[in-house]
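Right, one structure below, let's go through it.
The values are calculated or read from the model by the stated rules, or taken from the named source; none is laboratory data. Predicted, not measured: the structure shown is a model, and the values here were computed from it. Cβ: placed from backbone, ideal geometry, glycine included. Neighbour counts: every protein chain shown. For the accessible areas, the whole protein counts, side chains as well, though only heavy atoms, and no ligand, DNA or RNA atoms are used. Shrake-Rupley method; radii C 1.70, N 1.55, O 1.52, S 1.80 Å.
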Amino acid sequence: MSSTSQKHRDFVGEPMGDKPVSALAGIGEKLGGRLEEEGFDKAYVVLGQFLVLKKNEEFFKDWLKTTCNANSKQSADCYNCLKQWCDTFL
């Protein structure tokens, strides 16, 4: 696995709580705004979608690309962040 960003390490290092969607690795201000417009304003709401899609990498990345126009790197970073968080806390 390639190295992870500080943002990724910060996110997976503690419980999610009420973090904003932009706290997720791969999700910056622009993508975060697009997700918020679609009703995904908190990281836990995106986690819910991740779980509804049964943690399936392809489905989740496609959903992110469709929902907020995330590119391949952004969607992969977000997927890996949520997957590692789930592996740690669920």
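A cut-off of 5 Å between modelled amide H atoms, ignoring neighbours fewer than 5 places along the same chain, links K42 with V21. With the simple spin-label model, which puts each label point 7 Å out from Cα in the Cβ direction, the Y44 to N56 separation comes to 2.6 nm. Solvent-accessible area of T4, all protein chains in place: 40 Å² (probe radius 1.4 Å, heavy atoms, ligands and nucleic acids excluded). In the elastic network of the chain, a GNM with C-alpha springs shorter than 10 Å, the most mobile of D62, D18, D77 is D18. Label sites at E29 and T4, each approximated as a point 7 angstrom past Cα along Cα to Cβ, lie 2.6 nm apart. Once the cut-off is 20 Å, how many percent of the Cα-Cα pairs in the chain end up in the long-distance tail? Summing the P(r) tail past 20 Å for the chain gives 23 percent.
The residues of the chain present an accessible area of 57 Å² per residue when probed at 1.4 Å with all protein chains retained.
Here the sum of -39500 (n - 2.57) over DSSP H runs of 4 or more residues, divided by the residues of the chain, equals -19000 deg cm²/dmol at 222 nm, to the nearest 500. Restricting the chain to trypsin sites (Lys or Arg not before Pro) that sit in a DSSP loop and have at most 10 other Cβ atoms within 10 Å of their own Cβ leaves K54.
What does the extension gain come out to for D18 and T66, with contour length at 0.36 nm per residue minus their alpha carbon separation? Walk me through the numbers before you get to the answer.
Working: separation 48, 0.36 × 48 = 17.28 nm, distance 2.45 nm.
This chain segment gains 14.8 nm when fully extended.
Which of the GluC sites (Glu not before Pro) found in the chain are in a DSSP loop and have at most 15 neighbouring Cβ atoms, other than their own, within 10 Å? Can you show the working numbers first?
Values: sites: E29, E36, E37, E38, E57, E58; in loops: E38.
Of the GluC sites (Glu not before Pro), the ones in loops of the chain whose Cβ has at most 15 other Cβ atoms within 10 Å are E38.
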